[in-house]
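Undergrad: Quick one: the structure is below, questions incoming.
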Amino acid sequence: MFYPALMKAFYKSYQPKTKSFLSLYEQHAQQITDPKLKKEALASLSKKAFHCYGASFYAALVSEEYQADYLKFMTAYQTMCDYLDNLVDQTNVINETNFRRLHQSLLDVFKLTPHAPNYYQYQTQQLDGGYLNMLVRLCQESLKKIPHYSLYASWLGRLAGLYVDLQVYKHLKVSEREVRLIQLRSQQKRLAGDLTWFEFGAACGSTLGIFTMVAYAMNQDRYQIQPECIFQAMFPAVQELHIMLDYLIDLEEDIEEGELNFFSYYHNFEEGIYRILDVYYEAQQQIRLLPEKGFHQTINDGLFALYLAEGVKKNPQLRIVQKQIIKKLGFRARFLFHHTRKFVK
């Protein structure tokens, strides 16, 4: 799909449908009993909604029959990720047992099991009014409609497992988190290749591989693509690009709050920008493995556009270099940046 047509589909279909799902989740979040859980659920929906709007573009890969199911799955899963990220950032129960229990919800999604365990077992706050279980159920409802789901289940579980490992370890105490992330990279050294531990961590922290895989699974009859090929195309470069851009725009805020920020491990700002551009070029090569490679190249440009549009509001250094970055990416990125600025507030 040529990118003006992609933007038209976004404004006409993907964006309003995504907004509708997010509004539904907000209504449920408003009913959460515990005030702290309610605060984090609502904050994730108001401050991180752009994650869902960005991922909504993958609906272009899905047959019209399944587009609503894709958007329901994507918004519910990303909302879980953002909510849990907020929650473990603010919890007083900082240990691996608690974090793994909470994030088990992200793994249970792909098992399609009907049980509803207490994911808050080790949390001080317990009463979410069924909010997290509701999001798990919505994800599963969409996945159950995929005729060839069994072909994809283990690969989706693998991507989700990497994401959960990253989320668990990066939220541990300062004295533990870096050590555990270095160990994770060592345990996954074949998958990590030449990446540093913090670059590998960034690659693990994206949900784009999951959304791409679900989108193709919902159009398997057309594309006839193996999930292993999707995994190799998205991991690590596309996912690393996504999360390093996320850390870039949050750099100053994370430093002020003492939060882990992978971009900060580069020797300086210029080195980090150079490396992100390098990863972008790697990502543009990797996605040639996929059908609709032009679409995926547009998405990679869109990642830059989306995060730069969000980031220039927050990071003065980024305002200085954003024109040079966009210029290096070309006309398509400039076009998307122009449109994205209208909608990122």
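Undergrad: With n ≥ 4 as the cut-off for DSSP H runs, can you work out [θ] at 222 nm for the chain, using -39500 (n - 2.57) per run divided by the number of residues, rounded to the nearest 500?
TA: Working: 20 runs with 246 residues, N = 345.
Estimated from H runs of four or more residues: -22500 deg cm²/dmol.
Undergrad: Determine the shape class of segment 166-218: with a ≥ b ≥ c the square roots of the Cα gyration tensor eigenvalues, call it rounded for a/c under 1.5, and otherwise prolate if a/b is greater than b/c, oblate otherwise. Working shown, then result.
TA: Working: a/c = 3.30, a/b = 1.75, b/c = 1.89.
Oblate.
Undergrad: With θ set to phi - 60° and the Karplus curve 6.51 cos²θ - 1.76 cosθ + 1.60, what are the ³J(HN,Hα) couplings of segment 11-25 in order, to the nearest whole Hz, using x for Gly and Pro?
TA: Once rounded to whole Hz, the list reads 5, 7, 10, 4, 5, x, 5, 4, 4, 5, 5, 5, 5, 4, 5.
Undergrad: Can you work out the FRET efficiency for the pair residue 189 and residue 12, with r the C-beta to C-beta distance and R0 = 35 Å, to the nearest 0.05?
TA: On the way: r = 46 Å, r/R0 = 1.30.
Approximately 0.15, to the nearest 0.05.
Undergrad: Rg and Dmax of segment 235-294, Cα atoms, in Å?
TA: Over segment 235-294's Cα set, Rg and Dmax evaluate to 13.2, 42 Å.
Undergrad: Between residue 137 and residue 26, 0.36 nm times their residue separation minus their Cα-Cα distance comes to what? Could you put the intermediate results ahead of the total?
TA: Working: separation 111, 0.36 × 111 = 39.96 nm, distance 1.62 nm.
My answer for the length gained is 38.3 nm.
Undergrad: Shape verdict for the chain, please, from the Cα gyration tensor: rounded (a/c under 1.5), prolate (a/b greater than b/c) or oblate. All intermediate terms of the calculation are to be shown ahead of the outcome.
TA: On the way: a/c = 1.32, a/b = 1.09, b/c = 1.21.
It comes out rounded by the Cα gyration axes.
Undergrad: Calculate, in whole percent, how much of the Cα-Cα pair population of segment 28-141 lies beyond 24 Å.
TA: The calculated P(r) of segment 28-141 puts 24 percent of pairs beyond 24 Å.
Undergrad: If contacts are Cα pairs under 8 angstrom and at least 6 residues apart, what is the relative contact order of segment 49-189 in percent?
TA: Numbers: 113 pairs, mean separation 38.3, N = 141.
About 27 percent, as a whole number.
Undergrad: Using only alpha carbons, build the gyration tensor for segment 93-149 and give me the equivalent ellipsoid semi-axes, biggest first, whole Å. Intermediate results must be reported in sequence, preceding the final value.
TA: On the way: eigenvalues 118, 30, 10 Å².
Value: 24, 12, 7 Å, ordered largest first.
Undergrad: Right, something else. Across segment 200-217, in residue order, what do the Karplus-derived ³J(HN,Hα) couplings come to in whole Hz, using 6.51 cos²θ - 1.76 cosθ + 1.60 with θ = phi - 60° and x for Gly and Pro?
TA: 5, x, 4, 4, 6, x, 9, 9, 5, x, 4, 5, 5, 5, 5, 4, 5, 4
Undergrad: Each residue of segment 57-69 in order: what ³J(HN,Hα) in whole Hz does its phi give by Karplus 6.51 cos²θ - 1.76 cosθ + 1.60, θ = phi - 60°, with x for Gly and Pro?
TA: 3J(HN,Hα) across segment 57-69, in whole Hz: 4, 5, 4, 5, 7, 9, 4, 4, 4, 10, 4, 5, 5.
Undergrad: What residue among 10, 127, 35 has its Cα farthest toward the positive end of the dipole of the chain, where the charges are +1 on Lys, Arg and -1 on Asp, Glu, each on the Cβ?
TA: So the residue we want is 10.
Undergrad: Using per-residue counts of other Cβ atoms within 10 Å, averaged over each peptide, order 101-108, 154-161 from highest down. The partial results should precede the final answer.
TA: Working: 101-108: 20.8, 154-161: 18.4.
So the order, starting with the most tightly packed, is 101-108, 154-161.
Undergrad: Packing-wise, with mean Cβ within 10 Å as the measure, how do 56-64, 207-215 rank, highest first? Write out the running numbers ahead of the final one.
TA: Details: 56-64: 20.7, 207-215: 24.6.
Put in order of decreasing packing, that is 207-215, 56-64.
Undergrad: Once you've got the GNM for the chain with C-alpha springs shorter than 10 Å, pick whichever of 310, 141, 270 has the biggest mean-square fluctuation.
TA: Evaluated over the chain, the most mobile residue of the options is 270.
Undergrad: Per residue and in Å³, how big is the convex hull formed by the alpha-carbon atoms of segment 75-117? Walk me through the numbers before you get to the answer.
TA: Numbers: hull volume 3.1 nm³, N = 43.
Looking at segment 75-117, the number lands at 72 Å³ per residue.
Undergrad: Another question, then. According to the Kirkwood expression over distinct Cα-Cα pairs, how big is the hydrodynamic radius of segment 95-252, in Å?
TA: Values: mean 1/r = 0.0594 Å⁻¹.
The answer is 16.8 Å.
Undergrad: Kindly give the semi-axes, whole Å and largest first, of the ellipsoid equivalent to segment 172-285, taking each as the square root of 5 times a Cα gyration tensor eigenvalue.
TA: In descending order, the three semi-axes are 28, 16, 13 Å.
Undergrad: How much accessible area per residue does segment 214-345 have, counting only protein heavy atoms and a probe of 1.4 Å, in square angstrom? Before the final figure, lay out each step's value.
TA: Values: 5820 Å² over 132 residues.
Per residue, segment 214-345 has an accessible area of 44 Å².
Undergrad: While we're looking at this one, here's another question. At 1.4 Å probe size, with the rest of the protein present, what percent of the exposed accessible area of the chain is carbon and sulfur atoms? Could the numbers behind the result be given before it?
TA: Details: 7530 of 14840 Å².
Accessible surface attributable to carbon and sulfur in the chain totals 51 percent.
Undergrad: When a/c reaches 1.5 or more, the comparison of a/b and b/c decides; with that in mind, is segment 133-204 rounded, prolate or oblate per its Cα gyration tensor?
TA: Oblate, because a/c is 1.5 or more while a/b does not exceed b/c.
The values are calculated or read from the model by the stated rules, or taken from the named source; none is laboratory data. From a predicted model like this one, the values you see are computed outputs, not experimental measurements. Every residue, glycine as well, gets a Cβ built from its backbone with ideal geometry; the counts of neighbours run over all protein chains shown. Each accessible area value is taken on the protein alone, full model and side chains, heavy atoms only, with ligands, DNA and RNA left out. Shrake-Rupley method; radii C 1.70, N 1.55, O 1.52, S 1.80 Å.
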